[in-house]
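The values are calculated or read from the model by the stated rules, or taken from the named source; none is laboratory data. In this text the structure is predicted, and so the values were computed from the model without any measurement. Heads up, the Cβs are rebuilt from the backbone with ideal geometry, glycines too, and the neighbour counts pull from every protein chain shown. Note: accessible area is taken over every heavy atom of the protein model, side chains too, but ligands, DNA and RNA are not part of it. Shrake-Rupley method; radii C 1.70, N 1.55, O 1.52, S 1.80 Å.
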Amino acid sequence: MALMGRVALVTGGAQGIGRAAVEALMRSAAKVSVVDVNQDCGDACKSELDAEFGGGSCAFIQCDVTDGDALRADAFQKTADMFGRLDIVINNAGINNEKNWEKTIGVNLTSVIKGTYLGLEHMSREYGKQGGTIINVSSMAAFMHSPHQPVYTATKHGVIGFTRAMADASVLGNYGVRINVLCPAFVDTPLLHSVEEEDNMGKFVKFKEDFKRTMDKFGVLQPSLIADGMMRLITDAALNGAVMKITCSKGIHFHTYEPMSA
Ligand SMILES: NC(=O)C1=CN([C@@H]2O[C@H](COP(=O)(O)OP(=O)(O)OC[C@H]3O[C@@H](n4cnc5c(N)ncnc54)[C@H](O)[C@@H]3O)[C@@H](O)[C@H]2O)C=CC1
Ligand SMILES: CC/C=C\C[C@H](O)[C@H](O)/C=C/C=C/C=C\C=C\C(=O)C/C=C\CCC(=O)O
């Protein structure tokens, strides 16, 4: 019951890692807005969650996070109107598309930036709000510079840099919002199977056997462990600007940076 009365918004929450996060939040008694572009998957998700947790604790909002106006009005504002407040934002929606790489930048990086700014509008003391917490989802690909996914890798690097800078801005600006980033290794979700698809991987599909060898080497995690990491970022008030990594070999742990010397 740790999050009783709290309200969360999860992008890409209808399946995979986002869905696991939604379930973990609801088990902790939070109310959750599931924001996803996939109408069918979102409807199914909402029915299953209502059956498990009872109606009234979650909403599904169909929204493409790359549509800035819809993200503002349909996702964030409707969530705040429906549940009366916003406390937790998880910018999780992501795609793997090296063929349409500009879309990958739009979903994986630009929308995370927009989601963070909108989260601040609804939670930051700057805007007269009560504070809260934001998690941006990156990937271990940001540390591996995966040769199979150059643009995906670039977006995930960008998410880490943006999140760390905003976490410092939050402290300097007294926003009252903790902002952290999560970097999972391979996770068993529909996204992972896109490695086989030329439509997703573009010319890099020919490296798919090499990609699969990397997966075999490092192993594949279950989404529930990623949700455990998210719950730790949400509930541990000491964490701001943290870069959480989750891997098969080390489990949930944090990346450390050398202090800059003059
Ligand atoms: N599965 C993996 O191995 C890893 C995934 N990640 C990241 O975790 C996040 C979630 O990935 P998965 O759950 O694996 O993927 P997934 O493909 O299983 O789920 C992603 C969800 O996001 C939604 N989505 C996609 N584009 C959207 C858009 N434009 N607007 C709104 N919703 C949209 C999809 O409909 C889907 O429900 C992504 O940011 C991904 O890059 C990070 C590391 C590893
Ligand atoms: C088509 C593939 C689609 C999705 C997969 C995504 O690209 C995903 O985001 C990629 C993940 C890549 C993970 C890569 C590396 C995993 C590494 C390890 O597990 C290393 C182990 C320990 C690291 C210790 C440390 O530095 O903390």
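Below is a table of values for the structure above.
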quantity: 10 Å-binned pair-distance histogram of the stretch 137-262 (Cα, whole percent); calculated: 12, 39, 32, 14, 3
quantity: Debye intensity ratio in log₁₀ form over the Cα atoms of the stretch 113-191, taken at each q of 0.12, 0.25 Å⁻¹; calculated: -0.39, -1.08
quantity: Set of aspartates and glutamates with alpha-carbon distance to K203 below 12 Å, sequence-local pairs under 8 removed; calculated: E98
quantity: Out-of-range pairs (alpha-carbon distance over 20 Å; input K46/K78; K99/K206; K46/K103; K129/K156; K99/K217; K31/K78); calculated: K46/K103; K129/K156; K99/K217
quantity: For the chain, accessible area per residue (1.4 Å probe, heavy atoms of protein chains only), Å²; calculated: 46 Å²
quantity: Nearest-0.05 FRET efficiency for R213 and A169, computed from C-beta distance (R0 35 Å); calculated: 0.30
quantity: Extent along principal axes [Cα atoms of the chain; Å; largest to smallest]; calculated: 54, 49, 34
quantity: Helical segments meeting 20 Å axial Cα length and Kyte-Doolittle -1.0 threshold in the chain (DSSP H); calculated: 39-53, 150-172
quantity: Listed residues P223, P184, P150, most fluctuating in the chain (Gaussian network, C-alpha, under 10 Å); calculated: P150
quantity: Nearby aspartates and glutamates by direct alpha-carbon distance to K245 (threshold 19 angstrom, same-chain neighbours under 8 apart not counted); calculated: D188, D216, D228, D236, E258
quantity: Percent accessible area from carbon and sulfur atoms, the chain, protein chains only, probe 1.4 Å; calculated: 52 percent
quantity: Mean separation of Cα contacts under 8 Å, 6 or more apart, over the residue count of the stretch 86-239: relative contact order %; calculated: 26 percent
